[in-house]
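A.B. asks: There's a structure below that I have some questions on.
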Ligand code: PEP
């Protein structure tokens, strides 16, 4: 049985003060929630304070990116050990915004995934096709290439600790979400990839989240699908009431 995961990707939003206000609201609203893993991924500058504010709460902390090296001359980057010291348990890797605006590749995604696992951070690996790729009937081909890249040289034990987020690029921040059937078809395809690579038992343990304009109105239907095991939420995670609605629809 996979416990659903609802993860909020705050992107480049919330000052430290605003982040603390949101966390305080979330703790009040979600303090008693069980049967679902709730993760918040604030910007780097708020991780330290948010971690402290989350003490005695079941809400978990994640980062939005990291470098694969532990330390060194990488100006502007943040390492996996740095994330550990501020309480992160998860890290989003290969978000489509990182791939398109910051030129991340399947190779750098693989380096980051391996490094995250080495330091006991669970990577939330993002994959997803662009609109022109979907229109050209290339969705599965694109997803398979991204998966092969991300999971290159990962052992069974490592693969088991990963989380995948299927995020069709055309659905991110656009208000156009995939229909539950469209999304689930890709999730089933991803599970088959995992089963072929690592066997059915491991593939059944890996949470595959859907991301792309998830909100409290569409989340219940998406989360009811056989292979949708949670959501990676952007815009709607910035508001405590919307995020609460999504989290509660997963139970
Ligand atoms: C995201 O960026 O991961 C995302 C899914 O954004 P939104 O929910 O705003 O589409």
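Any read-out appearing in this document is the output of simple, stated calculations on the displayed coordinates, not a laboratory observation. Computed from a prediction, not measured in an experiment: that's the story for all the values here. All Cβ positions, glycine included, derive from the backbone under ideal geometry; neighbour counts span all protein chains shown.
A.B. asks: At q = 0.14, 0.21, 0.26 Å⁻¹, work out log10 I(q)/I(0) for segment 92-135 with the Debye formula, treating every Cα as an identical point scatterer and leaving solvent out; two decimals please.
C.D. replies: The Cα Debye sum returns log10 ratios of -0.35, -0.68, -0.90.
A.B. asks: Still on this model: Can you compute the helix-only [θ] at 222 nm over the chain? Use -39500 (n - 2.57) per DSSP H run of at least 4 residues, normalise by all residues, nearest 500 deg cm²/dmol.
C.D. replies: -12500 deg cm²/dmol
A.B. asks: Moving on to the next point. Please work out the Cα center distance from segment 155-207 to segment 30-78, rounded to the nearest Å.
C.D. replies: Each part reduced to its Cα centre gives a spacing of 22 Å.
A.B. asks: Packing-wise, with mean Cβ within 10 Å as the measure, how do 85-93, 182-190 rank, highest first?
C.D. replies: Result, highest mean first: 85-93, 182-190.
A.B. asks: On alpha-carbon atoms, Rg over Rh for segment 186-241 using Kirkwood Rh?
C.D. replies: 1.07
A.B. asks: How would you order 28-34, 143-149, 122-128, 45-51 from highest to lowest mean count of nearby Cβ atoms within 10 Å?
C.D. replies: 122-128, 45-51, 143-149, 28-34
A.B. asks: If packing is taken as the average number of other Cβ atoms within 10 Å across a peptide's residues, how do 203-215, 8-20 rank, most packed first?
C.D. replies: So the order, starting with the most tightly packed, is 203-215, 8-20.
A.B. asks: Which log10 I(q)/I(0) values, to two decimals, does segment 89-165 give at q = 0.13, 0.16, 0.27 Å⁻¹ under the Debye formula with one point per Cα?
C.D. replies: -0.37, -0.55, -1.30
A.B. asks: Binning at 5 angstrom from zero up to the longest distance, how are the C-alpha pair distances of the chain distributed in percent?
C.D. replies: Taking every Cα pair in the chain, the percentages come to 1, 7, 15, 19, 21, 18, 12, 6, 1, 0.
A.B. asks: Starting from the exponent 0.38 and prefactor 2.2 Å, build the expected Rg for segment 148-251 from its residue count and divide its actual Cα Rg by it.
C.D. replies: 1.10
A.B. asks: If you wrap segment 1-139's Cα atoms in a convex hull and average its projection over all directions, what's the area in nm²?
C.D. replies: 10.1
A.B. asks: Run the quick spin-label model on residue 153 and residue 202: label points 7 Å from Cα toward the beta carbon, then report their separation in nm to one decimal.
C.D. replies: Using points 7 Å along Cα→Cβ, the separation is 1.6 nm.
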